[in-house]
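This report refers to the structure that appears directly beneath it.
The values are calculated or read from the model by the stated rules, or taken from the named source; none is laboratory data. Everything numeric here is computed off the predicted structure, so don't read it as measured data. We place every Cβ from the backbone using ideal geometry, glycine too, and count neighbours over all the protein chains shown. Surface accessibility is based on the protein's heavy atoms, side chains included, excluding ligands, DNA and RNA. Shrake-Rupley method; radii C 1.70, N 1.55, O 1.52, S 1.80 Å.
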Amino acid sequence: MDFNALWDVSYGMYVIGARQEQKNYGCIVNTVFQVTSENPIICLSMNKDNATHDAIVQSGRFSAAILSEKTAPRLIGTFGFFSSRTVDKYQGVAHEMVDGLPVVTDQITGYLICQVVSVVDVQTHSLILGRVMQARKLADLPPMTYDYYHKVIKGKAPKAAPTYVSPEKEKAVAQEKTVYICDICGYLYEGDFSQAPADYVCPVCKADRSHFQPHKAK
Ligand SMILES: Cc1cc2nc3c(=O)[nH]c(=O)nc-3n(C[C@H](O)[C@H](O)[C@H](O)COP(=O)(O)O)c2cc1C
């Protein structure tokens, strides 16, 4: 199977929010798409290990904030590489509560408030179908695509993401030169890492420079 073919499937970037027992949950997903047009229903693929998965399934509701190209990469680091079980991801992050659900507001194009209508078991993930109860457009900014996240922000996806690519694959892509890759989020450092400042932190997940490992291809 040629996994390169799957890399050309297009996606957007979203923060899915949920609230369960007075606690806010949230994580990044790239896998949102609209299923029906009238009384619109959207679908997302959520890993069962994500704390946000259980919060959505138990509460029956979720929000989807649509990220733009102006959204800070750090937001993706916080919501995409840490768990709501151990971190209050919304602390220090601009957000508002809409209909009792947390919605991040950092340069998003808009948001959707959804009621779960169906949960489909797909091995490691659940497909969560949600009826859009409220939709609000906030800014005329270009929505961030998954391709933009990879090519411009140079971000990667963790194992929980359906589109995860292993470090071995990354090494093959890096071809013949030594590159420095963040061992937490997979961010690829561009240039001579020895010149990076002592207090350098990963722009995506905030890991310090000790997390950048050299990888030599082949
Ligand atoms: C770029 C990117 C895309 C992701 N896409 C998905 C996705 O579509 N589905 C999913 O379940 N997790 C996805 N993730 C992983 C979750 O955001 C991640 O596992 C998160 O830490 C879960 O947090 P939680 O435990 O607080 O729910 C993605 C992460 C990143 C960085």
- Message: Just to be sure I understand, how many residues within segment 82-108 are within 12 Å of residue 63 (Cβ to Cβ) and open to solvent by 30 Å² or more (accessible area, probe 1.4 Å)?
- Response: 6
- Scope segment 94-107; condition at pLDDT 95 or above and of a type outside the set (Gly, Ala, Ser); matching residues: 95, 96, 97, 98, 99, 101, 102, 103, 104, 105, 107
- Meets criteria (at pLDDT below 95, under 29 Å from residue 8 (Cα atoms) and either among the small types (Gly, Ala, Ser) or not in a loop (DSSP other than H, G, I, E, B) (or both)) for residue 110: no
- Query: If only one of 209, 136 is open to solvent by 40 Å² or more (accessible area, probe 1.4 Å) and either modelled with pLDDT of 95 or more or within 16 Å of the ligand (Cβ to nearest atom) (or both), which one is it?
  - Reply: 136
- Message: Against the condition open to solvent by less than 60 Å² (accessible area, probe 1.4 Å), away from the ligand (no atom under 13 Å from the Cβ) and modelled with pLDDT of 85 or more, how does residue 174 come out, does it pass?
- Response: no
- Matching residues in segment 82-106 (more than 13 Å from the ligand (Cβ to nearest atom), of a type outside the set (A, V, I, L, M, F, W, C) and closer than 22 Å to residue 34 by Cα) number 2
- From 111, 14, residue being of a type in the set (Ser, Thr, Tyr), free of Cβ contacts under 8 Å to residues at least 60 places away in the same chain, crowded, with 20+ Cβ neighbours inside 10 Å and within 13 Å of the ligand (Cβ to nearest atom): 14
- Task: Any chance you could count how many residues in segment 40-72 are in a helix (DSSP H, G or I) and buried (at least 21 other Cβ atoms within 10 Å of the Cβ)?
- Result: 4
